[in-house]
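This report refers to the structure that appears directly beneath it.
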Amino acid sequence: MTKRHVSLPADAEAGVRAFIDEVDERLSSDEDTCTVVEETLVDLHGDRDAYERWQNDAEVSPAERVRLQGYDPCNTTLESEYYAEKDEDRFVRSKHLQWLWRQFDATPMADNVEFALRFRQMLADHLFEECGENCRFFKGITFTYGHNISVGDNVVVHDDVHLDDRGKLTIGDRVSISDDAHLYSHDHDIVDQTEVSNYHTVVADDARVTYDSMVRAGCRVGENAVVGAKSIVGSDVPDHHVAVGQPAKSVRVKPGWEDVAEPLEDATVDRRDEREIEYELPDDLDTFDEFGRDLSPPK
């Protein structure tokens, strides 16, 4: 192991533990999630005085009012809120928790690594469908919903990673996802981009998805496999393979795993269709093309 053990001073550690435990207990209770998120963000952003003035009907500027209202996730919208096929019941709480995650990342405390990693682990326990132990989620991670993500133990997700769970995303134990990587679980029709297909995307145990790479919806990155930097995975990466390029192709087997890995010539198989997730839209949905285009072929 190349890393050192680092800890906070005793007083700082006590404060961190008390705060995280308090938010965790409130989110685990029957208390309204909007209220928990709002009050937590007010204090994290140091806006308690202005918030109390506003609550007591004292004068606040229009900008202050927008800012103070924005701490309450019920007064906000997210891009995924517009998706027609989302699970309305599950999305309500996920939206609130995702807002807390995102707005926490906008505070100076999000750069305090020892505190921030533990706070995000606690939030992930509430937001994700499943989240294992000892995970490390760094700054700037974004999700579609959050509730369609399953994460194993000892996973590390680095800065500015996008975890798209419009379909379903499963990340195994001891997976490492490097900065600026994008994992997708939905795709758009090549003719009509408003037509969306959802998939189950999998990153298996001990895999590494490295810097600025992309895994397309429905692909599986195999156990102990590596996706090279800036690669675009459009088909399955077999267990123990190293895949690089755009599109990514297996170029070698990790040393020591040759006897159990698939041969290189049998790799690059597209099994995305097997992982497509069917969905139904509500009967009363007001369907429209937001681009207002005529997609019929020319005559």
Long-range neighbours under 7 Å by Cβ, at least six apart or interchain, first residue on the phi > 0 side of the Ramachandran plot within the stretch 271-290, second open to solvent by less than 60 Å² (accessible area, probe 1.4 Å): none
Answer residue from the stretch 75-123, given it is farther than 20 Å from Asp164 by Cβ and among the small types (Gly, Ala, Ser) and is surrounded by the fewest Cβ atoms within 10 Å (Cβ to Cβ) among those: Ala106
Residue list for the stretch 124-177, filter: farther than 21 Å from Glu223 by Cβ, crowded, with 20+ Cβ neighbours inside 10 Å, without any contact (Cβ under 8 Å) to a residue 40 or more places away in the chain and out of contact with any Ser or Thr (no Cβ under 7 Å at 6 or more places or on another chain): Ala124, Phe137, Asn148
Some residue of the stretch 48-55 being of a type in the set (Gly, Ala, Ser), more than 23 Å from Glu129 (Cβ to Cβ) and surrounded by 14 or more Cβ atoms within 10 Å (Cβ to Cβ): yes
Enumeration of residues in the stretch 263-299 that are in a loop (DSSP other than H, G, I, E, B), over 29 Å from the mean Cα position of the chain (by Cα) and surrounded by 10 or more Cβ atoms within 10 Å (Cβ to Cβ): Pro263, Arg293, Leu295
The stretch 9-24 residues that are of a type in the set (Val, Ile, Thr), paired with ones that are open to solvent by less than 50 Å² (accessible area, probe 1.4 Å) and not in a helix (DSSP H, G or I) (beta carbon under 8 Å, 6 or more apart): Val16/Leu8
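Which one of Val202, Val260, Val251, Val191 is open to solvent by 50 Å² or more (accessible area, probe 1.4 Å) and in a strand (DSSP E or B)? If you could, list the steps in order and put the result at the bottom.
On the way: Val202 fails: open to solvent by 50 Å² or more (accessible area, probe 1.4 Å); Val260 fails: in a strand (DSSP E or B); Val191 fails: in a strand (DSSP E or B).
Among Val202, Val260, Val251, Val191, only Val251 is open to solvent by 50 Å² or more (accessible area, probe 1.4 Å) and in a strand (DSSP E or B).
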Given (1) closer than 17 Å to His200 by Cα; (2) modelled with pLDDT under 95; (3) not acidic (Asp, Glu), index of the condition Ala267 fails: (1)
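The values are calculated or read from the model by the stated rules, or taken from the named source; none is laboratory data. Quick caveat, the model's predicted, so the values are computed rather than measured. Note that we place each Cβ from the backbone using ideal geometry, even for glycine, and neighbour counts take in every protein chain shown. SASA here: full protein model, heavy atoms, side chains in, ligands and nucleic acids out. Shrake-Rupley method; radii C 1.70, N 1.55, O 1.52, S 1.80 Å.
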